[in-house]
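Contents: one structure, followed by commentary.
Read-outs throughout are calculated quantities, based only on the coordinates presented, and are distinct from any laboratory measurement. Everything quoted here is computed from the prediction, not taken from an experiment.
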C-alpha cells in the first residue's frame, strides 16, 4: 500500500477520496455481546455506518455470530486481533475494503487490544485500553501514528479521559498520555464538534458518568469532520453498558 505524506495544505487529496460521507461507529459491545448479539448487529445495520471498530469483541461463538451477521449486512471486510475465546479484543468490520495490521509487540500483556485498518486516504486504529491496569498501549499508539505517513483515526474505548471534564472527579489514569497524543497532532473529535458539552458514554451503578469512549483524529482530517456524537439510547435500552460513538466526515 502506497502511503502519501499529507500536510494541512493537502487536505483536498483526502476530500477527493471521500466523495461520499463516511460514517464510523465505534462501540464497546460489553463482554462479547452474549445474548445481545442480534440486537447489536441490527442496530449497527440500521445506523448505515461504513466502518465499525468494536471493542470487547471476543473470538468465540458469539463473535462468530456477530461476524456472520455483519457479513450478511454488507460488512464484507473484517479483521480481528489474535486473542483467546474469553479475552476482550477489537474487531474492525467495514463495507469499504482495507488492509489490516496487528501489533503483537505493542504490549507484553495486551497485544490483542489494538488493530489498524488502512484505507486509501486514511487509517483507522481500533482500540480497547484496559481499565486501571498498567500498560504501554497509549505510548505505543502515539509513537505509531506520529511516525506513519497516512492520517489516522484512533477510535474505541480508552477507559480514560480528562479529569474534571470527562468525569466529575479525578480518578482517570493516563490523562498525560492523551495530552501527548494531542501534541503530536491529534484532536479529540467530540470536542472539535461539540466544544465543552457535558457528555458521558458509561455510568457506574452509583450513577456517576464517565466519557471513556473517544475518537481522536489527525489534524489533516479535522477540516472534513462534519459530526461526532454518542447514541445514548443504545445504552439505555441495554444493548451494551457503553453508548456507541459516531464520527461523520466527507
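Of all DSSP-defined beta bridges confined to the chain, some 80% are antiparallel rather than parallel. Every pair of different Cα atoms in the range 78-193 enters the Kirkwood calculation, which places the hydrodynamic radius at 14.9 Å.
Please compute the Kirkwood hydrodynamic radius over the range 210-250, one decimal place, Å, based on all pairs of different Cα atoms.
Values: mean 1/r = 0.0877 Å⁻¹.
Mean inverse Cα-Cα distance, inverted, gives 11.4 Å.
Here the contact order of the range 54-178, divided by its residue count and restricted to Cα pairs under 8 Å and six or more residues apart, works out to 19 percent.
Take every pair of alpha-carbon atoms less than 8 Å apart whose residues are at least six positions apart; their mean separation over the length of the range 22-249 yields a relative contact order of 19 percent. Relative contact order for the range 188-229: what is it in percent, counting Cα pairs under 8 Å that are at least 6 residues apart? The value is 50 percent.
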